[in-house]
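To start, the structure itself, in structure tokens.
The values are calculated or read from the model by the stated rules, or taken from the named source; none is laboratory data. As the structure is a computational prediction, the values presented were derived from the model and not from experiment. All Cβ positions, even for glycine, are placed from backbone atoms using ideal geometry, and neighbour counts span all protein chains on display.
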Amino acid sequence: MNRSRTRYLSYIPLILLSIFFLLPMYVMLVTGFKSGDEVGLKYMWDLPKSFSLVNFQVAFTQLAPYLWNSLNVVIPAAVISSILGSLNGYVLAKWKFRGADVIFPLILFGMFIPYQSILIPLVDFMHKINLYGSLPGLVLTHIIYGIPITTLTFRNYYASIPNELVEAAKIDGADLMSIYWNILLPISIPSFVVVLIWQFTQAWNDFLFSVVLTSSKNWTVTVALNNMAGSQIVAWNIQMAASLIAALPTLLVYILLGKYFLRGMMAGSLKG
Amino acid sequence: MQNKKEKWQAFLLVFPSILAVAIFVYGFIGWTARVSFTQWKGLLPDYTWAGLSNYINLFTSDGRFAIDIRNTFIFTFLFVVGTLVLGLIMALLLDQGLRGESFFRSLFLFPMAISYIVTGVAWRWLMNSAAGSRMTGLNLLFSKLGMDFMFSNYTNTPIWGIAYIAIPAIWQLSGYCMALYLAGLRAIPDELREAARVDGASEFEIFRYIILPLLRPVTLSAMIILGHMSLKTFDLIIATVGKQYPLDMPSVYMWQATFDAHTYGKGAAISILLLVSVAVLIIPYLFITLRSEVKQ
């Protein structure tokens, strides 16, 4: 009986925590809808008197080119690094060559490094191959530094598939690629979803690579938003609307595909 | 049985990725390390050997780097402890099988899906320290609620300003920590708790002597993951407070030293120090995690 009372009491901290988690979203949302006299900072917590979409329209017009840039970076980066990760994971789980157990942790380390430690050579390299400032340069960067996490997720998944399945196919005369194509690929669709949405989210939310590698017309949405917020010119209701717009794509992915998002997140802590 | 040809095919399949990581991770780190031993200042590369002077200067005659170290300690401590404690509390609350559990879980986790830049822009307004008629953000909320004792100068607080960046950071990552703890809690068999209850243990004793020790591996992993994230914190600081001297961290200093001031040697040295601090946490972690995997 005592325990059932604590259960009900649990809702008090849960609701307080919910308020804490929703505070920034509340401010973004109500401010985004306000216009005219209501916008003043002292009315921050008041509900809007009318629902005006003007701020969202203005913010969207300002952000549109950068949203488009982000999309053009994030989609190829997520797709290509997922494919590479899947192939690597397959080989590292099912076709271990000599040294594979040394190479795997060496690849993994790449996902933990502070990227500051590779930025100077990276910028130099992008200049040399004439991709500095461009979107393809940023895509290439995301693909390469995405390899560790995508490889990890797929390797863990393929390692959980019984070896007998692969061995039986080998006896039947299937070769390396046909085993991948006919047996493993069809059952790895859920893993592809996990990895794709994780890479999509990471690349969409990236700031460091984009701010260092792209020229102003190729900024991604995070860089554009940060510049908007740092400037004195853009009104704060527009900033709030812009923040919400910038967060929307990944937020939608989270709401629609939360289960897969969670799995990608857990993979990052190596706990498969 | 694998024949030779297929082994080669397998290797060729991963070779491009291995090569890319070898160059872009290890090659580039080596290159940065080399730059850190030079006196390179200005836009054109200058590989004149400078020995350890960049490192020595950072530690002996660089006031800003001293602030960085202090800020890193303050921020990391508060962020890691705050995230662990909040994550554990949320996991314990949600582990009781309450109605609405999945709603709360999704709510506590959603900040993981959004960018630090968005988080920073929102919290910059919430943690506004303007007073009087210009008061806004959390201070205004506290004033409306009659909780004036909660007023704060936030990031404008002398010395401890960086501590307030831990608030949005905790906001962003405690849900992640909750998910790790929930997975850990779900792995503890119910029989263990039941048996302890039969033996007359109180709920607190069960938590203290059974649950908490069994969660120790989760706590350790979470500490390492959060600790290394904290060392790398960059976006959140830029978006919340910009580049302010008293609120500086090594990642921000590296960026300014390199790309604003063009003191490449110094920037490289800061980034190598950052890398070493991360490696000290991560390498043993990788080693232990992968070895326990082999044992299983």
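Could you list all residues from the range B:258-285 that are within 22 Å of the chain's Cα centre (by Cα), under 21 Å from B:G63 (Cβ atoms) and more than 9 Å from every other protein chain (Cβ to nearest Cβ)? Even if it seems obvious, please write down each step before you answer.
First, the residues of the range B:258-285 that are within 22 Å of the chain's Cα centre (by Cα): B:267-285.
Now drop any that are not under 21 Å from B:G63 (Cβ atoms), which leaves B:267-274, B:277.
Answer for the range B:258-285, where residues must be within 22 Å of the chain's Cα centre (by Cα), under 21 Å from B:G63 (Cβ atoms) and more than 9 Å from every other protein chain (Cβ to nearest Cβ): B:A269, B:L273.
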Seminar exercise, completed: Of (1) farther than 16 Å from A:L67 by Cβ; (2) surrounded by 22 or more Cβ atoms within 10 Å (Cβ to Cβ); (3) not basic (K, R), A:V223 fails just (1)
For this session: Check every one of the helices (runs of 4 or more DSSP H) wholly within the range B:1-73 and list those with 3 or more residues that are among the β-branched types (V, I, T) and surrounded by 15 or more Cβ atoms within 10 Å (Cβ to Cβ).
Result: B:4-21, B:28-36
Seminar exercise, completed: Residue set B:I117, B:I170, B:I162, B:I69; condition outside the structural domain of B:T233 (by TED's automatic domain parsing) and within 19 Å of the chain's Cα centre (by Cα); output residue B:I69
Exercise. Is there any pair with a first residue in the range B:86-104 that is free of Cβ contacts under 8 Å to residues at least 12 places away in the same chain and more than 9 Å from chain A (Cβ to nearest Cβ) and a second that is buried (at least 17 other Cβ atoms within 10 Å of the Cβ) and part of a helix (DSSP H, G or I) whose Cβ atoms are under 7 Å apart and which are 6 or more apart or on different chains, and what are they?
Worked result: B:E101/B:L94
Problem set entry | Members of the range A:1-46 that are in contact with a helix residue (DSSP H, G or I) (Cβ under 6 Å, 6 or more places away or on another chain) and more than 10 Å from chain B (Cβ to nearest Cβ) | A:G32, A:K34, A:S35, A:V39
Problem set entry | Scope the range B:132-156; condition in contact (Cβ under 8 Å) with a residue 12 or more places away in the chain and away from chain A (no Cβ under 12 Å); matching residues | B:M150, B:F151, B:S152, B:N153, B:Y154, B:T155, B:N156
Exercise. For the range B:110-140, what are the residues that are over 23 Å from B:T83 (Cβ atoms) and among the hydrophobic types (A, V, I, L, M, F, W, C)?
Worked result: B:A130, B:A131, B:M135, B:L140
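Residues to consider are A:L140, A:L106, A:L131; find the one that is more than 7 Å from every other protein chain (Cβ to nearest Cβ), modelled with pLDDT of 95 or more and not in a helix (DSSP H, G or I). Even if it seems obvious, please write down each step before you answer.
Values: A:L140 fails: not in a helix (DSSP H, G or I); A:L106 fails: not in a helix (DSSP H, G or I).
Answer to the check: A:L131.
Can you confirm whether B:K232 is buried (at least 16 other Cβ atoms within 10 Å of the Cβ), touching a residue at least 40 places away in the same chain (Cβ under 8 Å) and more than 8 Å from chain A (Cβ to nearest Cβ)? Can you show your working first?
Working: buried (at least 16 other Cβ atoms within 10 Å of the Cβ): yes; touching a residue at least 40 places away in the same chain (Cβ under 8 Å): yes; more than 8 Å from chain A (Cβ to nearest Cβ): no.
The answer is no for B:K232.
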Exercise. Restricting attention to the range A:63-86, does a residue exist that is free of Cβ contacts under 8 Å to residues at least 24 places away in the same chain, more than 9 Å from chain B (Cβ to nearest Cβ) and of a type in the set (S, T, Y)?
Worked result: no
Problem set entry | Filter pass, B:I210 being without any contact (Cβ under 8 Å) to a residue 24 or more places away in the chain and not assigned by TED's automatic domain parsing to the domain that holds B:L126 | no
